[in-house]
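A short reminder: the numbers here are calculations on the coordinates, not readings from a lab. Worth saying up front: this structure is predicted, and the values here are computed from it rather than measured. All Cβ positions, glycine included, derive from the backbone under ideal geometry; neighbour counts span all protein chains shown.
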Amino acid sequence: MPTTQHKQITHEFYTEERWANWLKQVEESDFKLSENEEESKGGEIFVNMQDDVILACLKVIAKYQNGEYDAEETDDILASIQDIVLKSPENISEDAQIMIESLQNSFVAAFASFEKYLYGNFDINANIEDLINEAVKAEEAEDIEGALDLIAQIGALILSEKELPAEKVEEIPYGFVAEFMDGIDSIEAAMVGADSYKEDDGDYEI
């Protein structure tokens, strides 16, 4: 079978160095977990990390939407970003490690959403509240993969400019589904914010 020739992709949407820089900031933040969010020290850095990664991914998606990359090229770039941000970090505290793992769960759902969106593996007419209910039930049945698949369908719908039901999202009990949904919420927040990323050249400076 002949191989498909892809055009050379020169943009660097996310780098090992950029992720390492975030992890260094986490290490230096002396983050401490607390049941009282107001007493948790340095927690905003994880929000900033998440926003940074999701925005980089949406820049890639924008290139796809503009016809600059096809689905496979886009998927390859996103996979390279995923490889960077899902690596286990070193030299950080136990508290920070817990937060990074939660953050990485949100990324897992985001990347699964991007893949479903690129290849159309979702029902555009699906009801988001129903999908959330099914995902929660799947987690209760310890079917985490099934829950992830359902949340990824929600993410694909958000990328197709559907809206999250805010009240329903707030009702989700803490667990994998809540962490997965955090990634989808981050996608929606970035999409409804400034859309300058759609014209961005994709290059990052460290």
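The figures follow:
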{"quantity": "Compactness relative to 2.2 N^0.38 Å, alpha carbon Rg of segment 63-204", "calculated": "1.07"}
{"quantity": "Length gained when the stretch E163-Q25 is fully extended (0.36 nm per residue, less Cα-Cα span)", "calculated": "46.4 nm"}
{"quantity": "Scaled radius of gyration (Cα, divided by 2.2 N^0.38 Å) that segment 40-90 gives", "calculated": "1.38"}
{"quantity": "Cβ-defined net charge surrounding E101, 14 Å radius [Lys, Arg +1; Asp, Glu -1]", "calculated": "-4"}
